[in-house]
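The structure appears right after this line, and notes come after that.
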Amino acid sequence: LRDEALRELAEAADPARLNDLRVKYLGKKGALTEILRGMGSLSAEERPVVGQIANEVRGAIEQTIEEKQRLFQEQETERRLKAETIDVTLPGRKLPTGAIHPLTRVAREIEDVFLGMGYTIAEGPEVETDFFNFEALNLPKDHPARDMQDSFYITDEILLRTQTSPVQIRAMQAMNGQTPLKIICPGKVYRRDDDDATHSFQFNQVEGLVVDKNIRMSDLKGTLLTFARAMFGPQARIRLRPSFFPFTEPSVEVDVTCVQCGGDGCRMCKHTGWLEILGAGMVHPRVLEYGGYDPNEVSGFAFGLGIERVALLKYGVDDIRSFYLNDMRFLRQFARM
Ligand code: FA5
């Protein structure tokens, strides 16, 4: 029995077969168990002899099974290690990484320039009341200048803001007449403009507002020149053209020298050498009053610049719509900058 068991165990090729053999010899109905069970019918002299032999056989079988088990385990571990080998010298796989959208990048750069000049960032709602978007900015209901900014109305009194200027009023009112007030407000605005190369129905502005004693037009000009140089390089120049906004008096539109041609004239600046990027002016006395200030005590300047226009100029992009098409070939160019 012993020889047969050991031979069969030696031939066992896998753990399942090994288990079958354990049952066959050592199980409840196994061959060795049968012998041990039959010991009762043996004589008193035979019993210890047979018992000892049977125990030896069991020991030998158990030991062989254990050794065999260990061997199978080692083989399994080795197989797994081989299968899961990691070659640390292989080059890494490149994962596609995201990048900051060019408009976000330009917005952040603009914010940085003004933060550096001591401005803080204010925010206001995109869904705005007629009062803040128009009325308090010196644009009463029947004012013809409302046509300059064709609006998306939600109700008679609520609309998508057409400009970031309503934040001027909100920021002033929050100051309770205190000075100085020095804020910028970046954000989305909406107009019923037909899309073309330089217009979009939804675009981004950065509003700027300073209110203090003795704020003058020269402060506005100096601030905008500092901004233009920080944004477009030390050679950048600015040009103030007289303009009209109901909430500023006097009002100007501001052009900067075209970065693409350096002021010599190219298609981008319609061959003038200049590109308009913002509207600005001295805060209208009535607007200061709506904001809770006494126009005899304080004065202020304000500006509203178009982020897309700055981005067009800065990167030499010739169509504003490129920023909104999500064409990866376009966007990838900025990821590497
Ligand atoms: C205004 O929106 C005024 N609120 C600006 C202002 C603020 C003046 C404070 C005085 C004091 P305007 O409509 O010109 O002005 O727009 C300002 C800038 O937004 C423009 O110079 C241009 O850069 C940009 N812009 C205007 N319309 C569009 C459009 N449809 N798509 C993209 N950019 C536009």
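The values are calculated or read from the model by the stated rules, or taken from the named source; none is laboratory data. No experiment lies behind these values; they were computed from the predicted model shown. Neighbour counts are summed over all protein chains in view; Cβ atoms, including those assigned to glycine, are modelled from backbone coordinates with ideal geometry.
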Out of (1) touching a Lys or Arg at 6+ places or on another chain (Cβ under 9 Å); (2) within 12 Å of the ligand (Cβ to nearest atom), the one F244 does not meet is (1)
Restricting the stretch 146-173 to residues that are crowded, with 22+ Cβ neighbours inside 10 Å and either more than 14 Å from the ligand (Cβ to nearest atom) or among the polar types (S, T, N, Q) (or both), the one farthest from G292 (Cα to Cα) turns out to be T162
Within the stretch 77-120, residues being under 23 Å from L312 (Cβ atoms) and among the aromatic types (F, W, Y) number 1
Restricting attention to the stretch 84-131, the residues that are surrounded by 15 or more Cβ atoms within 10 Å (Cβ to Cβ), over 28 Å from A174 (Cα atoms) and among the charged types (D, E, K, R) number exactly 1
Checked the stretch 222-234 for anything surrounded by 14 or more Cβ atoms within 10 Å (Cβ to Cβ), over 30 Å from the mean Cα position of the chain (by Cα) and over 19 Å from I183 (Cβ atoms); matches are L225
Selection from the stretch 181-238 of residues of a type in the set (S, T, Y) and more than 14 Å from the ligand (Cβ to nearest atom) yields S218, T226
Residue set T257, T226, T272; condition among the hydroxyl-bearing types (S, T, Y) and at pLDDT 95 or above; output residue T226
Sole miss for G316 among (1) closer than 22 Å to D196 by Cα; (2) small (G, A, S); (3) surrounded by 15 or more Cβ atoms within 10 Å (Cβ to Cβ) is condition (3)
Going through the stretch 287-318 in order, the residues found to be of a type in the set (V, I, T), at pLDDT below 95 and assigned to a loop (DSSP other than H, G, I, E, B) are V317
Selection from the stretch 8-23 of residues surrounded by 15 or more Cβ atoms within 10 Å (Cβ to Cβ) and not in a helix (DSSP H, G or I) yields A12
Within the stretch 45-96, the residues that are touching a residue at least 12 places away in the same chain (Cβ under 8 Å) and polar (S, T, N, Q) are T64, Q69
In the stretch 321-336, anything touching a residue at least 24 places away in the same chain (Cβ under 8 Å) and either away from the ligand (no atom under 12 Å from the Cβ) or touching a Leu at 6+ places or on another chain (Cβ under 6 Å) (or both) is listed as F323, L331, R332, F334, A335
- Item | Flag for R37 being part of a helix (DSSP H, G or I), closer than 30 Å to Q205 by Cα and not β-branched (V, I, T) | no
Considering the stretch 24-55, residues that are more than 18 Å from R2 (Cβ to Cβ) and surrounded by 13 or more Cβ atoms within 10 Å (Cβ to Cβ), and then whichever is farthest from the chain's Cα centre (by Cα), we arrive at L42
